Amino acid sequence: KRLLVRPGPRCARGAGGAAGMKRIVVILGDEVALGKGCPKGQGFAARVQDSLEQHGVEVHNWSREEHTATGCATDYFQEIQDNIRRLDAGPHVRAVVVLELGIHDRVFLGDMLHTGLSTLCTLCAQEGVQPVIMQVVPDDADVHVAEETNSRLVRAPTSALMQWQREPSAPFYPHADVHKDLAANLLEVLQEELNLPLAAHGRDPMMSGNFGRTHSDPLRSGGLGAGQLDGVWLHKADPDLMEVIENDVIRSPDGSSTMLRKGTNANMHYIEAGGRRVTCKTVGNELHWDDGDIWCLVEDKAPTLGSPPGRKKKADMRSLRKAWDDAEEAFYRTKKEEEREELKHERERLRHERGLLSEARARLQAGESRLHEDTEKLTAMRTGAR
């Protein structure tokens, strides 16, 4: 089978827009580029597409859920190369490929992210299109690849950094309001690459890169401060049931632990329970949950297992002591059993991930070999043309 390799001139940055110049933007990403967690049409890719189409730019979104840079550089390499060649980049076509990849690589394939992104950037440059790396996770991985491959970089906005500091989840999914800032930053880079007035259309006049109110603000006058929910809490409808919050972790009498996360507003928090989100808000010294439950603060300092709750403001001491003893007994009874089960699952998971990593490495090496062969053929063609 004959391998078609067209040299294709690279896109000159900031070059003037000649009459009849066709402009194409491709977004190659994961579910972030599909607007995960955003209302329809509010993801960064949809916002950018709306702005570009106003200027007659052709937009393609090749993103897929759970796409990885490693997978695109191995399993999907040939498919991506063929699709890029169909763009027919040439003297009268200015094409840009936006690479929004890596949120999943960072979880399971961190040591291969750099090679995967670099391979994709090299492929784009070889095929005559401009690679643009979009930084979603505010670390240095994307920055290093952009520097080494001479690719454009779209920096993560301040709002993404703020969310990352509050909620460093893996994989990292930006909130809907962060998508607006991601779109604005991307449009600024595309404005230079395509020589079009895009930023004015993509940037919200009020966009400052911040969420506005920070979590250090008080929740309400005379109420609890943010991050100060640690303490002993009783269920208002059942005072015998006690919950202990310590370092944003809820410890229940049955020995279970649940992570308490900050919500979008300073006085809002939530937990994930049974596959659904349950939200609470602070009202004075009470937590009001959206399922109707109300917790009352009876001690504003979380005790330790070796130090049960002491004097209470409002509570039946006997009920508190009994609830604490039950929680302590359940905790020690289940701790060893849970540790054994967790260790077993962790070993199985690591074994599975090692297998996946070995397979991915083999595919990446094969992809690099194909890219090397294509580069040599391209060099030979250029030499022959001279």
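In table form, for the structure just shown:
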item	result
Residue order for M112, M259 - accessible surface, 1.4 angstrom probe, largest first	M259, M112
Spacing of the two label points (7 Å from each Cα toward its C-beta) at R363 and R85, in nm	2.1
Distant-in-sequence amide H partners of R23 (H built 1.01 Å from N, under 5 Å)	E58, R94
Kirkwood hydrodynamic radius of the range 65-152, Cα pairs, Å	13.1
Extension gain from V249 to W289, taking 0.36 nm per residue of separation minus the Cα-Cα distance	12.8 nm
Amide proton proximity set for V154, modelled H, under 5 Å, gap of 5+	I133, M134, Q135
Karplus (6.51, -1.76, 1.60) ³J(HN,Hα), θ = phi - 60°, over the range 90-104, in Hz, Gly and Pro reported as x	x, x, 10, 10, 10, 10, 10, 10, 8, 9, 10, 9, x, 5, 8
Column: log10 I(q)/I(0), Debye, Cα scatterers of the range 34-75, q = 0.20, 0.22, 0.28, 0.33 Å⁻¹	-0.73, -0.80, -0.96, -1.09
F44 accessible area, assembled protein chains, probe 1.4 Å, Å²	0
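The values are calculated or read from the model by the stated rules, or taken from the named source; none is laboratory data. It should be emphasised that the depicted structure is a prediction, and the values quoted were computed from it without experimental measurement. As a convention, Cβ positions derive from the backbone with ideal geometry for all residues, glycine included, and neighbour counts pool all protein chains shown. SASA here: full protein model, heavy atoms, side chains in, ligands and nucleic acids out. Shrake-Rupley method; radii C 1.70, N 1.55, O 1.52, S 1.80 Å.
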